[in-house]
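Novice: My questions all concern the structure below.
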Amino acid sequence: MRNRGFEKLLKVTLLVGIILACILGSYRLVSAVMDRMDASKHADSTETAGSSTVQSGEGDVNASVAGGNPSSNLIKTSAVADSAKNEPDTSKYNVSDNWSLILINVDHPYPEGYLPNVTTVDNGQQTDVRCASELTQMLADCRSAGYDPLVISGYRNHDEQILDFNSMTQMYVSAGYSEEDARAKTAESVAIPGTSEHEAALSVDIGSEHNTAVDSSQDNEAVQEWLHNNCWKYGYVLRYPEGKEDVTKIIYESWHYRYVGVTAAKVMYDENLCLEEYLAKYVEPFTSLEELDRQAMETLGLTYTGQTAAEA
Ligand SMILES: [Zn+2]
């Protein structure tokens, strides 16, 4: 009796085990199939974890570990790599934002004759009409969050930039620097005329009602922390970030924000790229810097001569 009872118990246990295994097995099979379907459906969507899978048009595969699910990363990688051969990944580079992506730095001055259409946004300061509503919204949301942002400097025309540059150079000369050293020292914090984003009306220096200084006293202001963390949602980036001085050739400026469009701003924020790095990685495989200049001029109804403002 005891043996039979034990045998019966064993059979029941085995049966229950088999049933459980079946249920678990089919559940795993179904979820694996659903995962695959899901992965191919969203192959082009933005995903931070998978963001490093494809670089430029070379289909450069770089780390599929971060995503956690190797099978879905494999599907994603090959799908994007195929399309990236001829056209940009639209989640990383939106060609309709080309007008806002022009590179302006010491090595690449803006095009000769570039004259933006500007409008007044805040504190009497002006910006390009095409990003004015984004800037206004960002300031409004920042104020709603309890801060007191204030645009200290927006659009500056070429002559104003020359005045700004010369007055700081003069300051260094008065302090004992040679003319040449004074110009070099000035260029670390004031863009050489023809190479300032303020002249293109795409950048603004933002301080606060209680601190209007455009210097390192902004670094630890709470308003800057809010802006650093949120500006990308409005298409803005911190243009001269800390740690990128070698690339931007400009010192860390915790107050200088540049409009680049929402797509680029999000990628630059997520991947910690400055504009030079973003352009090299996601734009230049498809559109040259000169082509960006040409399009930026044409969208303003201006003629592109191939000359730069610094040469003119
Ligand atoms: Zn600035």
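Novice: Identify, from the list SER133, SER100, SER153, the residue that is free of Cβ contacts under 8 Å to residues at least 60 places away in the same chain and not aromatic (Phe, Trp, Tyr). Before you say what the answer is, go through the steps one by one.
Specialist: Working: SER100 fails: free of Cβ contacts under 8 Å to residues at least 60 places away in the same chain; SER153 fails: free of Cβ contacts under 8 Å to residues at least 60 places away in the same chain.
Unique residue meeting the criteria: SER133.
Novice: I'm trying to understand the selection: among the residues of region 211-220, which are more than 19 Å from SER167 (Cβ to Cβ), in contact with a strand residue (DSSP E or B) (Cβ under 9 Å, 6 or more places away or on another chain) and touching a residue at least 24 places away in the same chain (Cβ under 8 Å)?
Specialist: GLN218
Novice: Sticking with this one: Considering every residue within region 228-241, establish whether at least one is of a type in the set (Ser, Thr, Tyr), outside any loop (DSSP other than H, G, I, E, B), more than 15 Å from the ligand (Cβ to nearest atom) and under 26 Å from the mean Cα position of the chain (by Cα). Even if it seems obvious, please write down each step before you answer.
Specialist: Just the residues of region 228-241 that are of a type in the set (Ser, Thr, Tyr), to begin with: 234, 236, 240.
This time we only want the ones that are outside any loop (DSSP other than H, G, I, E, B), so: 234, 236.
Going one step further and asking which of them are more than 15 Å from the ligand (Cβ to nearest atom), we end up with 234.
Filter once more, so that each one left must be under 26 Å from the mean Cα position of the chain (by Cα): 234.
The answer is yes, given that some residue of region 228-241 is of a type in the set (Ser, Thr, Tyr), outside any loop (DSSP other than H, G, I, E, B), more than 15 Å from the ligand (Cβ to nearest atom) and under 26 Å from the mean Cα position of the chain (by Cα).
Novice: In region 291-312, which residues are touching a strand residue (DSSP E or B) at 6+ places or on another chain (Cβ under 9 Å) and among the acidic types (Asp, Glu)?
Specialist: Of everything in region 291-312, just one residue is touching a strand residue (DSSP E or B) at 6+ places or on another chain (Cβ under 9 Å) and among the acidic types (Asp, Glu), namely ASP293.
Novice: Another one. Only one of (1) in a helix (DSSP H, G or I); (2) β-branched (Val, Ile, Thr); (3) within 16 Å of ASN98 (Cβ to Cβ) fails for THR287. Which number is that?
Specialist: The single condition THR287 does not satisfy is (1).
Novice: Determine whether ASP205 is within 13 Å of the ligand (Cβ to nearest atom), surrounded by fewer than 18 Cβ atoms within 10 Å (Cβ to Cβ) and on the phi < 0 side of the Ramachandran plot.
Specialist: Details: within 13 Å of the ligand (Cβ to nearest atom): yes; surrounded by fewer than 18 Cβ atoms within 10 Å (Cβ to Cβ): no; on the phi < 0 side of the Ramachandran plot: yes.
Judged against the criteria, ASP205 is not a match.
Novice: All but one of (1) farther than 20 Å from MET138 by Cβ; (2) more than 21 Å from the chain's Cα centre (by Cα) hold for THR195, so report the exception by its number.
Specialist: Among (1) farther than 20 Å from MET138 by Cβ; (2) more than 21 Å from the chain's Cα centre (by Cα), the lone unmet condition for THR195 is (2).
Novice: Restricted to region 251-309, and to residues that are free of Cβ contacts under 8 Å to residues at least 60 places away in the same chain and within 16 Å of the ligand (Cβ to nearest atom), which residue is surrounded by the most Cβ atoms within 10 Å (Cβ to Cβ)?
Specialist: In this case the residue turns out to be TYR257.
Novice: Just wondering, is there one or more residues in region 179-188 that are without any contact (Cβ under 8 Å) to a residue 24 or more places away in the chain, within 15 Å of the ligand (Cβ to nearest atom) and out of contact with any Lys or Arg (no Cβ under 9 Å at 6 or more places or on another chain)?
Specialist: Of all residues in region 179-188, those without any contact (Cβ under 8 Å) to a residue 24 or more places away in the chain come to 179-186.
Still in the list and also within 15 Å of the ligand (Cβ to nearest atom): 186.
Of the ones still in play, those that are also out of contact with any Lys or Arg (no Cβ under 9 Å at 6 or more places or on another chain) are 186.
Taking every residue of region 179-188 in turn, at least one turns out to be without any contact (Cβ under 8 Å) to a residue 24 or more places away in the chain, within 15 Å of the ligand (Cβ to nearest atom) and out of contact with any Lys or Arg (no Cβ under 9 Å at 6 or more places or on another chain).
Laboratory data are not the source of any read-out in this text; all were calculated from the coordinates shown. Everything numeric in this text was worked out from a predicted model, so none of it was measured. Virtual Cβ from ideal backbone geometry, glycine too; neighbours counted across all protein chains shown.
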